[in-house]
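> Take a look at the following structure, please.
The values are calculated or read from the model by the stated rules, or taken from the named source; none is laboratory data. Worth saying up front: this structure is predicted, and the values here are computed from it rather than measured. For neighbour counting, all protein chains shown are included, and Cβ atoms are generated from backbone atoms with ideal geometry for every residue, glycine included. Protein only, heavy atoms only, side chains kept; ligands, DNA and RNA dropped before computing areas. Shrake-Rupley method; radii C 1.70, N 1.55, O 1.52, S 1.80 Å.
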Amino acid sequence: MTLFLLRRLLQTVNVLFIMSLLVFVGIYAVGNPLDMLVDPQATRADVARVAAALGLDQPVWVQYGRFLANALRGDLGNSFLHGTPALQLILQRLPATLELAVSALLIAVLLGIPLGLWAGLRPDSASGKTIMAGSILGFSLPTFWVGLMLIMVFSVYLGWLPSGGRGPTREVLGMHWSLLGAEGWRHVLLPALNLALFKLALVIRLTQSGTREALLQDYVRFARAKGLAPRRIVGVHVLKNIMIPVITVVGLEFGTLIAFSVVTESIFAWPGIGKLLLDSITLLDRPVVVAYLLLIVLIYTLISLVVDVLYAALDPRVRLAGGQAA
Amino acid sequence: MPQHTSSPRRSPRLPRLLLGALLAGALLPAWAADLRIGLSSDVTSLDPHFVNIAPNIAFSDHIFDTLVKSDAKGKLVPGLAESWRALSPTTWEFKLRQGVVFSDGTPLTAEDVVFSLDRPATIQNSPGPFTSYTNQIVKKEAIDAHTVHLHTASAYGPLPLDLISIYVVSKKAAENATTEDFNTGKALIGTGPFKFAAFRKGESIEVTRNERHWGKRPEWDKVSFRILASGAPRLSALLAGDVDVIENVPAADLARLKTNSQVTLAQHTTWRTLFWQLDQFRDQSPFVTDHAGKPLDKNPLKDLRVRQAISKAINRQALVDRSLEGLAVPASNINAPGIFGYNDAIKVDAYDPEGARKLLAEAGYPDGFSLTIHGTNNRYINDEQVVQTVAQFLNRVGIRTKVDTQPVATYFGKARAHEYSFALLGWGSLAADFTLRSIAGTPNPDTGWGTWNWGKYSNPKVDELVAGALAAVEPAERERLAREAAGVALTDLAVIPSHHQLATWALRKGFAYDGRIDEFTFAHEIRSVR
Amino acid sequence: MTGGVSHTDAAGGWRALARAYAGSPLALGGLALLLAIVLAALAAPWIAPQDPYDLARLDIMDSRLPPGSLSADGSLTYLLGTDGQGRDMLSAILYGLRISVAVGFAATLLALALGMSLGLAAGYAGGRTDALVMRAVDIQMSFPAILTAMILLALFGQGTDKIVIALVASQWAYYARTTRGAALVEGRREYIEAARLLGLSTPRILFRHLLPNCLPPLIVVAALQVAAAIALEATLSFLGLGLPVTEPSLGLLIANGFQYLYSGRYWMSVFPGVALLLTIVALNLVADRLREVLNPRLRPQ
């Protein structure tokens, strides 16, 4: 187990390194931030001075070398546009995104697993079919379209919920959180629903198919034949069978929820890191983009690690890669 | 320890204060003078000298003042300087207003002004410094507490115009302050109509009225700005009553808003003028070919008749009515009407497809040619629509036109590297000689001429007139030269003008705003109406 | 006991599959709808009233006309209205359908092929290969599609092929991850051990034995991902990174039309939205049924 963890740690460091290189060179290829930011009337001397101050006058590998040297000391550089450390900028906004992603995940799982179970246990009933048809709708509609519909219906026509923003925040542990008050929940509902819809459909479908497969497996059939209570069959055997795909999805989706909250955040004016990323890409604020992606990779590999450990715990047939040294 | 940090010992008084505020609120509901504004772009830093981008400047104007200000129409008016004049071609005298104090109570002196003019050059790591407005000044002198002399290396007429961009900060508060100190409000001490209250980056900013402000007293006790970057949510925040005023109303929604009795609209022609830059330096332009896709033996865009044909082929009125939904007016100049140096002798080219075809035939292209035109898709009002519509018009006169639109992040870099043949640009400036220097001046990176002249248009006559205007310290003389330069450049179609954008604000019932040519949303110019 | 559809008698297998599929009228309806959509998409140049990509044919004076309006020159009735450039919506939808469907399928097939191979290899071989592939998956899955697309766009310019590359680049990891998960479970079952003991070659074990048994979850994911690919393309277009504006896909039509929704000009985004919805629902009905009939453990007894 320790060996396994150590290996994964080493791999993560490699991933971070490759990732930073790719993004650094990638953004460099997109364009020069000075084209957009330096005053049009600036002379060559002005531009050169700015470029030198920001290190943009150097060839890309020198820039990367400097970045790497600083990064090893924990300094991911200052945002070109904000003039403050990129990491600090992201951490300031991280709570907003975490709140959104966790809310969305909760909606997806707490609604998705019961609905999927129901549809899986009663595949031929009208309710089961309706749930499955509904899940098709869930991933058929593009997120941005659903978001706009939600705003139109719930904010503009009905006036029940706010159209965007995050509501008042309270400071806990040096970070600002909005879900500590009722107003925050009102604000998060629409964007979380919007973000959750696709994942909800996915969880329903995976749970349903897992349930159906489980019911046909020999041990469940055997248990049924033995006259075991249906509640116990579902509770123990079926749930256990569907946990692997569901955990994979939940784990994978949490990372992607964070990374892909870009669209929802920009529609609902949700001040999270997705929106920061989009703005930073638009303005070629490279330090922020690089820091953002490194952070996401870190979060993601950690989740992936947890998923793998859970896999092993749930299914004895799966052995952890580290324990299997060939 | 600065005076404005609150001491914890004061907290026992808080309940009483709160009670008082509650009572006042209950008794005087009609005067609860709070204003909530939905902004369309993010304010990245509160340091007024950090980065020269519009949202930051618009916010700075609430806290700080400049020596010279521009009014809603773009005319220069006294700010902290009561008057100014050129003592010699290279020396300017600015007389400061008497009795102005900062929000912390310290009086404004010439020292603060000199400090503020020095500060932009000391800011490290700014990607868009304000130094292009202070570079011309080689020496600054505080003659007495209320007189400043500024010396330039050579005669430089637009100095007062440059100074509308440099906000005057308190030397005492800002002397050792970092950009971060401005963001926390510690160094944010100005003479402007409001005082800093709170800043949540990317989310909201709050200010309260500065009772010590020298000028007109704003109506609002408290103003909060919310960053609502995308159009639909910004509008729905207004309709849902979450904000009172929004800027940059999405074009597609105007028709509906006009019929909404709960909302009033304010519109103003802005300085932002859109025009097409044409490759006028290559003999074979990369995106101009014959109909079979082979390069032509010469570049038709270099031929004045072809440029005239293109200009006549564009139905600007239809473009403005249809693609821009009335959010623009047809343009003949590269500056908006009323702006310094606007040449009203130049008229908007009438739509004349027949004449266009004739001119193309005369130039040797009776069957036209093939062209790809470029534009942005996230920068200007309906820019993607505008590019497509112009392509439609060009197709009708035989120029087979394709369209390529890109986000501004990739577009500007390529355009500035002169990669395009026919490309859309929007420009906002308060003086024609400035615009011409950047757009139509012969490119020279050392002097800052022609930095955005994507087509490398070059005309010695234009250069000479623009140089003359910039060196004229006498405003009337400068305006005459700028007008003449604009006339020469536009008759020669250095660029093909398209339209001047309008800016639109939407306000809830009970609020009024006149709008501004510079597109800024100023809380101190928003009024309540009954 | 070897699982999966028997591959000893191919013809008989297909017939059995067709018979099993026909068991559900709903699924048959979905198949008919899907075929109709694909046919309409293929035949777009012949059945559309207008070539919506030819800017010379459009007239800005016809822009934003409601459904049923007559064109300015009286030559054409716009059954579903026009868009902001005066494009006939019906024609634009037919052409857009073609692009969306082509992009969705091409991207999914390429991503499936790539992701499946890597996932199988990782799950079966384990060790170093597994670690390498899974770390690549991690990188890819934490790399937002928007950034991938933007970099590709900047380097190569806009276009259908670039968007396909961007979609493949952002989706292969999903299949790799799912395949690897299934292969990890299946690979330890007895029939694979048996095949190994019989001395069958690795590719044979992978593709003839392991793959068919990993397929059911992959089909679910692939069905979802065709839809996701189409939606992601729409989102990229919505953010201004997708296809050229002059050749709109369904997603771009929705994105372009959505700004008019508030002002009541619904036809510009609702009609392409309906077309997109029908396409995806049909696709999923078919895929859902396929999953049921392909799954050895779910097959009717």
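> Which of the residues belonging to the range B:467-476 are open to solvent by 50 Å² or more (accessible area, probe 1.4 Å) and in contact (Cβ under 8 Å) with a residue 12 or more places away in the chain?
Hits for the range B:467-476 are B:474, B:475.
> If you scan the range B:50-72, which residues turn out to be of a type in the set (A, V, I, L, M) and under 25 Å from residue A:36 (Cα atoms)?
Residues satisfying the conditions are B:51, B:53, B:54, B:57, B:58.
> Given the condition among the hydrophobic types (A, V, I, L, M, F, W, C), touching a residue at least 24 places away in the same chain (Cβ under 8 Å) and away from chain A (no Cβ under 14 Å), answer yes or no: does some residue in the range B:437-459 qualify?
no
> Oh, and also: Answer yes if at least one residue in the range B:275-282 is touching a residue at least 40 places away in the same chain (Cβ under 8 Å), acidic (Asp, Glu), open to solvent by 20 Å² or more (accessible area, probe 1.4 Å) and away from chain A (no Cβ under 13 Å), and no otherwise.
The answer is no, given that none of the residues of the range B:275-282 is touching a residue at least 40 places away in the same chain (Cβ under 8 Å), acidic (Asp, Glu), open to solvent by 20 Å² or more (accessible area, probe 1.4 Å) and away from chain A (no Cβ under 13 Å).
> Give the residue that is least open to solvent (accessible area, probe 1.4 Å), with candidates limited to residues of the range A:177-186 that are touching a residue at least 40 places away in the same chain (Cβ under 8 Å) and in a loop (DSSP other than H, G, I, E, B).
A:178
> From the list C:173, C:166, pick out the single residue that is more than 10 Å from chain A (Cβ to nearest Cβ), modelled with pLDDT of 80 or more, closer than 30 Å to residue A:291 by Cβ and open to solvent by less than 10 Å² (accessible area, probe 1.4 Å).
None of the other options fit; the residue is C:166.
> Right, something else. Identify all residues within the range B:219-242 that are surrounded by fewer than 24 Cβ atoms within 10 Å (Cβ to Cβ) and either within 23 Å of the chain's Cα centre (by Cα) or assigned to a loop (DSSP other than H, G, I, E, B) (or both); write none if there are none.
Residues satisfying the conditions are B:219, B:220, B:221, B:224, B:226, B:227, B:229, B:230, B:231, B:240, B:241, B:242.
> Looking only at the range A:149-164, count how many residues are more than 23 Å from the chain's Cα centre (by Cα) and more than 7 Å from chain B (Cβ to nearest Cβ).
Adding up the residues that qualify gives 7.
> Kindly check whether there is at least one residue in the range B:198-210 that is within 14 Å of chain A (Cβ to nearest Cβ), modelled with pLDDT under 95, open to solvent by 10 Å² or more (accessible area, probe 1.4 Å) and part of a loop (DSSP other than H, G, I, E, B).
Looking for residues that are within 14 Å of chain A (Cβ to nearest Cβ), modelled with pLDDT under 95, open to solvent by 10 Å² or more (accessible area, probe 1.4 Å) and part of a loop (DSSP other than H, G, I, E, B), one finds at least one in the range B:198-210, hence yes.
> Moving to a separate point now. Note down all Cβ pairs under 6 Å where the first residue falls in the range B:240-260 and is under 26 Å from residue C:268 (Cα atoms), the second is part of a loop (DSSP other than H, G, I, E, B) and among the β-branched types (Val, Ile, Thr), and they're at least six residues apart or on different chains.
Between residues of the range B:240-260 that are under 26 Å from residue C:268 (Cα atoms) and residues that are part of a loop (DSSP other than H, G, I, E, B) and among the β-branched types (Val, Ile, Thr), the close pairs are B:247/B:521; B:251/B:381.
> So residue C:48 clears everything in (1) modelled with pLDDT of 90 or more; (2) closer than 17 Å to residue C:278 by Cβ; (3) open to solvent by less than 30 Å² (accessible area, probe 1.4 Å) except one condition, right? Which one?
Among (1) modelled with pLDDT of 90 or more; (2) closer than 17 Å to residue C:278 by Cβ; (3) open to solvent by less than 30 Å² (accessible area, probe 1.4 Å), residue C:48 violates only (2).
> Can you tell me which of B:272, B:322 is among the basic types (Lys, Arg) and out of contact with any helix residue (DSSP H, G or I) (no Cβ under 7 Å at 6 or more places or on another chain)?
One residue alone meets the criteria, B:272.
> Please count how many residues of the range B:513-526 are in contact with a strand residue (DSSP E or B) (Cβ under 7 Å, 6 or more places away or on another chain) and either assigned to a loop (DSSP other than H, G, I, E, B) or not assigned by the TED database to the domain that holds residue B:71 (or both).
So the count comes out to 9.
> To continue, here is another question. Anything in the range A:138-176 that is without any contact (Cβ under 8 Å) to a residue 60 or more places away in the chain, under 18 Å from residue C:226 (Cα atoms) and open to solvent by 40 Å² or more (accessible area, probe 1.4 Å)? List them, or say none.
The one that is without any contact (Cβ under 8 Å) to a residue 60 or more places away in the chain, under 18 Å from residue C:226 (Cα atoms) and open to solvent by 40 Å² or more (accessible area, probe 1.4 Å): A:141.
> Is the range A:123-132 home to any residue that is over 28 Å from residue B:233 (Cα atoms) and among the charged types (D, E, K, R)?
Scanning the range A:123-132 turns up at least one residue that is over 28 Å from residue B:233 (Cα atoms) and among the charged types (D, E, K, R).
> Residue by residue through the range C:255-267, note down the ones that are closer than 26 Å to residue A:280 by Cα and either at pLDDT 80 or above or touching a Pro at 6+ places or on another chain (Cβ under 9 Å) (or both).
C:255, C:256, C:259
> Another question, then. Condition first: under 20 Å from the mean Cα position of the chain (by Cα), more than 14 Å from chain A (Cβ to nearest Cβ) and open to solvent by 20 Å² or more (accessible area, probe 1.4 Å). Can you find one or more residues in the range B:95-115 that meet it?
no
> Also: Under the condition of being under 16 Å from residue B:120 (Cα atoms) and in contact (Cβ under 8 Å) with a residue 12 or more places away in the chain, which residue from the range A:24-50 is nearest to the other protein chains (Cβ to nearest Cβ)?
Across the range A:24-50, the extreme among qualifying residues is A:37.
> Of (1) more than 10 Å from every other protein chain (Cβ to nearest Cβ); (2) at pLDDT 85 or above; (3) farther than 18 Å from residue A:292 by Cβ, residue A:21 satisfies all except one. Which?
Tallying (1) more than 10 Å from every other protein chain (Cβ to nearest Cβ); (2) at pLDDT 85 or above; (3) farther than 18 Å from residue A:292 by Cβ, residue A:21 fails exactly one: (3).
> Counting residues that are open to solvent by less than 30 Å² (accessible area, probe 1.4 Å), which helices (runs of 4 or more DSSP H) fully inside the range A:217-270 reach at least 3?
A:239-259, A:262-267
> Any residue at all in the range A:191-214 that is open to solvent by 30 Å² or more (accessible area, probe 1.4 Å) and assigned to a loop (DSSP other than H, G, I, E, B)?
no
> Follow-up question, since we're still on this one. What are the residue pairs meeting all of these: first residue in the range B:167-185, first residue closer than 20 Å to residue B:58 by Cβ and not assigned by the TED database to the domain that holds residue B:58, second residue of a type in the set (S, T, N, Q) and crowded, with 20+ Cβ neighbours inside 10 Å, Cβ atoms under 7 Å, and 6 or more apart or on different chains?
Close Cβ pairs (under 7 Å, with a partner that is of a type in the set (S, T, N, Q) and crowded, with 20+ Cβ neighbours inside 10 Å) do not exist here.
> Could you tell me whether residue B:341 is in contact with a Phe, Trp or Tyr (Cβ under 9 Å, 6 or more places away or on another chain), away from chain C (no Cβ under 14 Å) and either surrounded by 18 or more Cβ atoms within 10 Å (Cβ to Cβ) or at pLDDT 95 or above (or both)?
yes
> Give, as residue ranges, the helices (runs of 4 or more DSSP H) completely inside the range A:20-133 that count at least 3 residues that are surrounded by fewer than 19 Cβ atoms within 10 Å (Cβ to Cβ) and not assigned by TED's automatic domain parsing to the domain that holds residue A:208.
A:44-54, A:60-72
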